[in-house]
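What follows is a short report on a single structure.
The values are calculated or read from the model by the stated rules, or taken from the named source; none is laboratory data. On a predicted model such as this, the values are computed, not experimentally measured, just so you know. Cβ placement follows ideal geometry from the backbone for every residue including glycine, while neighbour counts extend to all protein chains displayed.
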Amino acid sequence: MKGSYILLLELNESQDIGVGRLGIWLFLKGFYAYVGSALNGIEARVSRHFRRKKKYHWHIDYLLDRADIYEVVLIPIEERLECTLARALKEELTCIRRFGSSDCRCSGHLFYAAERNELNTQVVDALTNLAVTYSPHLAPAPRLPPLLPES
Ligand SMILES: [Zn+2]
C-alpha cells in the first residue's frame, strides 16, 4: 500500500540527541508528529520504525532511539501527500526546521507541541481539512488513549 503516514511520538525528558549530519540538537520533552511517506509500502516502512536494531538512515531513526511512538496514522494515497501535510502542520505547530526535509523544500517534517492533546488536535484537523482517508493504528506499547474515538 503506497502512501503517507504520521508517527506521533512522546519524548519523556528534554535531551540532546545527535541527528546524523545535522549535529546534536536539544529536543524538548513533549510530543512530536513526524510526517513521512513510502512509495513501496507504508506498512513495511512503519514497521521498520518500530524496530530497535537497524542502521540509521533517516533523521527520524535517531529520534526514535529516544522517543516512543504512541500512535501511527496511515494514509493510503497515490500522490505524494507528505509535504502538503507538513505545510499544513507548520501553520499550527512548532516546526523542527530541516528535520526530515533533506529531499524537499519544506521547512521540516517534524512538529512539536508541549501537550499531547494539542498535537493530536492539529493532526486530526490537518487530515480533516485535506479530506483524505486515513486509519489510526495504535502502537503496540506503551498503550495510551487513542487519537480518535473508535467507531
Ligand atoms: Zn516536504
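For Leu81, the conditions (1) surrounded by 13 or more Cβ atoms within 10 Å (Cβ to Cβ); (2) touching a residue at least 24 places away in the same chain (Cβ under 8 Å); (3) away from the ligand (no atom under 16 Å from the Cβ) are fulfilled apart from (3). Looking at Asp16, Asp68, Asp61, just one residue is at pLDDT 90 or above and over 13 Å from the mean Cα position of the chain (by Cα), and that residue is Asp16. Test Tyr70 against the criterion of being on the phi < 0 side of the Ramachandran plot, more than 15 Å from the ligand (Cβ to nearest atom) and surrounded by 20 or more Cβ atoms within 10 Å (Cβ to Cβ), and give yes or no. Judged against the criteria, Tyr70 is a match. Looking only at residues in the range 71-97 that are farther than 24 Å from Arg21 by Cβ and among the β-branched types (Val, Ile, Thr), the one that is modelled with the highest pLDDT is Thr84.
Scanning the range 13-28 for residues that are of a type outside the set (Phe, Trp, Tyr) and either touching a Pro at 6+ places or on another chain (Cβ under 7 Å) or surrounded by 12 or more Cβ atoms within 10 Å (Cβ to Cβ) (or both) yields Gln15, Ile17, Gly18, Val19, Gly20, Leu22, Leu28. Considering the conditions (1) near the ligand (Cβ under 9 Å from one of its atoms); (2) crowded, with 18+ Cβ neighbours inside 10 Å, Cys104 is excluded by exactly one of them, (2).
No other residue among Tyr112, Tyr34, Tyr62 is in contact with a Gly (Cβ under 7 Å, 6 or more places away or on another chain), surrounded by 16 or more Cβ atoms within 10 Å (Cβ to Cβ) and part of a helix (DSSP H, G or I) apart from Tyr62.
Checking the stated criteria, Arg48 turns out to be surrounded by 14 or more Cβ atoms within 10 Å (Cβ to Cβ) and away from the ligand (no atom under 16 Å from the Cβ).
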